[in-house]
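The values are calculated or read from the model by the stated rules, or taken from the named source; none is laboratory data. The structure presented is a predicted model; accordingly, all values stated were derived computationally and were not measured. Note that we place each Cβ from the backbone using ideal geometry, even for glycine, and neighbour counts take in every protein chain shown. Accessible surface is based on the protein model in full, side chains and every heavy atom, while ligands, DNA and RNA are left aside. Shrake-Rupley method; radii C 1.70, N 1.55, O 1.52, S 1.80 Å.
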Amino acid sequence: MSRDVLAPGAARLQLVDGVSLLRPDEQVFTAMLDGWRNQQLARNLAFSTINSREKAVQAFTTHADEFPWAWSSQMADEWLGDLRALRNLKRSTLRNYQNSISLFCAYLVDPAYQWATECEQRFGTHPVQVIHEWNTAGHVQEAEADAGKRAFTRDELEAFFDHADAQVDEVRGRGRGRKGWLPAFRDAVLFKTAYAYGLRRNETRMLDAVDFGRNPEGTEFGDYGVVYVRYGKAKKGSPPKRRSVLTVWPWSAEILEQWNEEVRPLLPTAGQGACWPSERSTRIGFTQMNTRFAAYRDAVGLDPVLDFHSLRRSYVTHLIEDGWDPRFVQEQVGHEHASTTSLYTCVSSDFRTRTLRRALDATMDAILKPAGRKR
């Protein structure tokens, strides 16, 4: 790259030539982080991704008690060892930390950004890559989700939803009035909607009242035959992925119609358009969603491994168990690959037994039919 056309995040864009620094160590490190942020912004990465990576770099700097131009692989080994031994981090979390440090070092040693030259001039040394194949956790599996995570059984899901419905009547019965029962009603419908359409947590939270429409092939669902998901899971450097999810259960259209047309307008913030407003904010927060979900789950005595995402797992599992086409289910949940959808499927032992029996029957028919024999 020409010296006249500097890359975003280059040292010469962050530090002025010939200007002495009062605290050179700290100021150069801050300039490095600022430059790295600019480089990542130029790649259109999400702010949340950039911020989490920067926190990892700062955490490693604090642990090593050295600035990047003095880092070594041994320091990285000690830090990663502490993270695993003392904090018992999951494999995926540990790998994210490793990846952040590796990317930061790659940025610093890239000649296009001139940080090596800058450090040689100021400190007599330069940054090196400290994350290598021999001191990182290999990514050997396609999926590394917690093995304990699973879908609701149908009985568990029914108990969970029954409890959510009961909370509305209980709060109203205690005389707390509108302030109490409206949020309880909202949360009951929110959880059911997440399950009814196989939505992720943020996809559910970011729904607006206008994100529902008619399906010409499913007129029985009225104005709630399809939901338009506008904040689907994004790829790196890309905007949220959109998709349309068709309604498959009549009860979901019924509860959404009641919520949007009768109950939701009673909330003072409903005029802002969010499907799930709170009493004080335009849109419900993640903390409220997680707290209410955990409270209901624990009150019913369900397995603690069940989380909000278990509603999505349950949607996939129950559709497959009910005989829906796997390709349709894949499109509904927005997976590019069928293998990803299969990871969400936690079919029951009864379903596996029925499926295996059908497969064995088909195999036996294929074997016996040419010979004209009967089983």
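Numbers below:
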read-out	value
Selection count where residues are of a type in the set (Asp, Glu) and open to solvent by 70 Å² or more (accessible area, probe 1.4 Å), scope the stretch 77-112	2
Some residue of the stretch 85-100 being farther than 17 Å from GLY35 by Cα, assigned to a loop (DSSP other than H, G, I, E, B) and among the polar types (S, T, N, Q)	yes
Test: THR61 is β-branched (Val, Ile, Thr), part of a helix (DSSP H, G or I) and open to solvent by 70 Å² or more (accessible area, probe 1.4 Å)	no
Residue in the stretch 312-333 that is modelled with pLDDT under 95, aliphatic (A, V, I, L, M) and in a loop (DSSP other than H, G, I, E, B) present	no
Number of positions in the stretch 305-330 that are over 24 Å from ASN290 (Cβ atoms), in contact (Cβ under 8 Å) with a residue 40 or more places away in the chain and open to solvent by 30 Å² or more (accessible area, probe 1.4 Å)	1
Near pairs, Cβ below 8 angstrom, 6+ apart or cross-chain, from the stretch 98-116 (more than 11 Å from HIS126 (Cβ to Cβ) and modelled with pLDDT under 95) to any residue that is of a type in the set (Phe, Trp, Tyr) and open to solvent by less than 10 Å² (accessible area, probe 1.4 Å)	TYR113/TYR107
Of residues in the stretch 156-172 being loosely packed, with under 14 Cβ neighbours inside 10 Å and at pLDDT 95 or above, the one farthest from the chain's Cα centre (by Cα)	ASP162
Qualifying positions in the stretch 22-54 - free of Cβ contacts under 8 Å to residues at least 40 places away in the same chain and assigned to a loop (DSSP other than H, G, I, E, B)	LEU22, ARG23
Any hit, the stretch 227-238, residues being closer than 17 Å to LEU199 by Cα, modelled with pLDDT under 95, open to solvent by less than 60 Å² (accessible area, probe 1.4 Å) and not hydroxyl-bearing (Ser, Thr, Tyr)	yes
